[in-house]
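Written out below as structure tokens is the structure these notes cover.
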Amino acid sequence: MDRSPRSLVSIDLGAVRHNVAFMRSRTAAGTRFMAAVKADAYGHGAVPVARAVLDAGGYGLAVATAEEAVELRDAGITAPVLVMGPLYGLDQLVEMARRDVEVAVVSPDVGEMLAHLPSVGTPLRVHVKIDTGMNRQGLYPGREFETFLDTVRVARNVKVVGVMTHFANAAAEPNLVAQQLQRFYLLCGTRARHLSAGVGARGQQRGHRTLPRVALRYGALRHRHSWDVALSGGRAR
């Protein structure tokens with residue numbers, strides 16, 4: 001007999017496009033918008049959600065793993081893709097360079113592998129993550145960061161295109177956000193800057209970043225005037 005589905009999830013891609021356009025309208029001119037579509041867009045379909053984001057004017061897409069980046073490239077998506085999580089071998093770095101995927105340097109181990117990256121015809125574009133207070137991923141200011149700079153100065157097949165950090169508790173601890181920003185700007189120079197952690201892409205941080213990474217929230221809107229957006233029909237206002 002036929003199996004009856006016990007549940008059905010309907011994704012309104014029109015709502016995704018609306019929400020991306022709304023958030024882009026709240027950022028400064030010249031700011032590029034990157035949406036996090038990791039974990040299969042949190043179970044909502046990485047490829048269709050990614051296409052909806054790009055249709056609405058999104059600049060690029062962020063994922064957690066090399067495999068997720070490959071899925072987007074295999075689907076024909078040519079927009080910038082950034083792998084935010086760690087890569088675990090030189091072969092993965094080579095594959096990302098071949099597929100024109102950008103990667104985040106989130107640990108000294110990843111930084112050390114860059115010194116051994118062979119040429120694949122185009123430099124691997126990397127974003128260095130600085131741990132300014134989250135204490136989860138990133139290079140610590142000081143020796144770790146300086147060692148990374150020494151590596152990329154002589155690495156011919158690597159190009160640094162961005163500097164990034166992550167707020168520890170952006171909504172509840174504004175003083176800590178200010179401290180993290182101060183540490184960040186002491187190191188980041190003039191490369192593309194991007195911040196992550198909800199409020200970091202809006203409100204008081206307006207004007208402080210050139211590439212906010214926004215993870216589209218899945219579920220009901222919690223606040224009427226919020227950036228928490230719903231992909232299943234809900235729209236930001």
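The values are calculated or read from the model by the stated rules, or taken from the named source; none is laboratory data. Predicted model only: the values in this text are computed from it and were never measured. Virtual Cβ from ideal backbone geometry, glycine too; neighbours counted across all protein chains shown.
Against the criterion of being basic (Lys, Arg), crowded, with 16+ Cβ neighbours inside 10 Å and in contact (Cβ under 8 Å) with a residue 12 or more places away in the chain, ARG32 qualifies.
Under the condition of being of a type in the set (Gly, Ala, Ser), touching a residue at least 12 places away in the same chain (Cβ under 8 Å) and assigned to a helix (DSSP H, G or I), which residue from region 15-29 is surrounded by the most Cβ atoms within 10 Å (Cβ to Cβ)? It comes out as ALA15. Does region 1-55 hold any residues that are in contact with a Ser or Thr (Cβ under 7 Å, 6 or more places away or on another chain), more than 28 Å from VAL101 (Cβ to Cβ) and among the charged types (D, E, K, R), and which are they? Listed by number, the list holds a single entry, ASP12.
Considering region 35-44, the residues that are under 17 Å from the mean Cα position of the chain (by Cα) and outside any strand (DSSP E or B) include one that is surrounded by the most Cβ atoms within 10 Å (Cβ to Cβ), namely VAL37.
Scanning region 131-150 for residues that are within 15 Å of VAL163 (Cβ to Cβ) and either at pLDDT 90 or above or not in a loop (DSSP other than H, G, I, E, B) (or both) yields LEU139, GLU144, PHE145, GLU146, PHE148, LEU149. Cβ-Cβ contacts under 6 Å between residues 6 or more apart (or on different chains), taken from a first residue in region 52-77 that is part of a strand (DSSP E or B) to a second residue that is surrounded by fewer than 21 Cβ atoms within 10 Å (Cβ to Cβ), are listed as GLY60/ALA79; GLY60/PRO80; ALA62/ALA36; VAL63/LYS38.
Of all residues in region 82-107, those satisfying the criterion of being in contact with a His (Cβ under 8 Å, 6 or more places away or on another chain) and closer than 12 Å to ALA64 by Cα are LEU82, GLU102, VAL103, ALA104. In summary, ALA192 fulfils each of the numbered conditions (1) in contact with a helix residue (DSSP H, G or I) (Cβ under 6 Å, 6 or more places away or on another chain); (2) under 20 Å from VAL83 (Cβ atoms); (3) at pLDDT below 90 with the single exception of condition (1). Taking every residue in region 108-125 that is within 19 Å of GLU144 (Cα to Cα) and pairing it with any residue that is at pLDDT 90 or above and exposed (fewer than 13 other Cβ atoms within 10 Å of the Cβ), at least 6 positions away or on another chain, the pairs with Cβ-Cβ distances below 9 Å are MET113/GLY89. Condition check: within 13 Å of the chain's Cα centre (by Cα) and either surrounded by fewer than 20 Cβ atoms within 10 Å (Cβ to Cβ) or not in a strand (DSSP E or B) (or both). Does ALA97 satisfy that? In short, no. In region 166-177 there is at least one residue matching the filter, namely being of a type in the set (Phe, Trp, Tyr), farther than 18 Å from ALA66 by Cα and buried (at least 22 other Cβ atoms within 10 Å of the Cβ). Total residues in region 161-184 satisfying the condition of being over 19 Å from the mean Cα position of the chain (by Cα) and under 17 Å from VAL128 (Cβ atoms): the figure is 1.
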